[in-house]
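Have a look at the structure below before the remarks.
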Amino acid sequence: MTNANEALERLKAGNERFVANVRDMSALASQSRREDLIEEQNPFAIILGCSDSRVPAEIVFDQGLGDLFVIRVAGNIVAPSLLGSVEFSALRHGARLVVVLGHTLCGAIQATVSELKQPSANRSPNLTSIVNRIQPSVQTLVEAGIVDELKLVSLATRANIRASVSHLTHGSQVLEELVANDGLRIVGAEYSLETGKVEFFHEGDGEHHHAGIEH
């Protein structure tokens, strides 16, 4: 089993390769392992990411088949089935790192900002369920007086990532026990569409640092 710190370093190194436009040969060769993965899988990390087509976790972290257990949903929100998926992999596969991966210029965040400014009359209830989970992060910033839309989206994206981390950390007895007793770490991160870099948030303070750079 890969521990959380080792898994985090592996993700950071993979993202550095992605930014540098190089690939790890083992990731490229992972297709040859398909037969080995038929009976079992042992992903070293769980990624709860946004469904945005520009942010595929396996690519931005330069990983191959069987390396990551990836859950994707618009706005990287935490709903019951998504929480259950994280629990499933943490218990079944023994992954000890969970990363909530948001990204810059997130359409789900932008849609939530627009909804607060001008509510839609005929929005699908399914889309509304996503917007409603993001809305508290945006609403808090609006109430704090943030009016510039680009700044609002940027700050709301990070707030929404932190909210999802908090929901995973405190919304599941299974995950709480794994954090307390079995070395599970749950961290937030933001992918930059502009640079390709992933910035991991420091646990507990809501700040972040460049992948691969230790403070």
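Label zone (VAL22, point 7 Å along Cα-to-C-beta; backbone nitrogen cut-off 19 Å) within region 53-84: 59-64. Between ASP182 and LEU116, the simple label model (points 7 Å from Cα in the Cβ direction) yields a spacing of 3.7 nm.
Sorted ascending by nearby beta carbons within 10 Å, beginning with the fewest, LEU141, LEU193 become LEU193, LEU141. With bins 5 Å wide beginning at 0, the percent of Cα pairs of region 1-92 falling in each bin runs 3, 13, 21, 23, 23, 13, 4, 0.
In the elastic network of the chain, a GNM with C-alpha springs shorter than 10 Å, the most mobile of ASN15, ASN160, ASN132 is ASN132. Taking the helices alone, the chain has a mean residue ellipticity at 222 nm of -14000 deg cm²/dmol, built from -39,500 (n - 2.57) per DSSP H run of at least 4 residues and averaged over all its residues. For SER51 and ASN132, FRET efficiency with R0 = 30 Å and r from the beta-carbon atoms, rounded to 0.05? Efficiency, rounded to the nearest 0.05: 0.95. Ranked by how many other Cβ atoms sit within 10 Å of their own Cβ, fewest first, the residues LEU83, LEU68 fall in the order LEU83, LEU68. Bridgeable lysines around LYS12 (alpha carbons under 17 Å apart, same-chain partners fewer than 8 residues away excluded): LYS197.
Of the three principal axes defined by the Cα atoms of region 85-189, the extents in descending order read 45, 27, 20 Å. Label separation (ASN5 vs THR195): 2.6 nm, computed from points 7 Å beyond Cα along the C-beta direction.
Rounded to the nearest angstrom and listed largest first, the equivalent-ellipsoid semi-axes of region 4-210 from its Cα gyration tensor are 29, 19, 16.
Pairs of Cα atoms nearer than 8 Å and 6+ residues apart set the relative contact order; for the chain it is 24 percent. Going from the residue with the fewest nearby Cβ atoms within 10 Å to the one with the most, SER129, SER154 rank SER129, SER154. Using a Gaussian network model of the chain in which every pair of alpha carbons under 10 angstrom is joined by a spring, one finds that among GLU58, GLU190, GLU35 the greatest mean-square fluctuation is at GLU35.
A short reminder: the numbers here are calculations on the coordinates, not readings from a lab. In this text the structure is predicted, and so the values were computed from the model without any measurement. Neighbour counts are summed over all protein chains in view; Cβ atoms, including those assigned to glycine, are modelled from backbone coordinates with ideal geometry.
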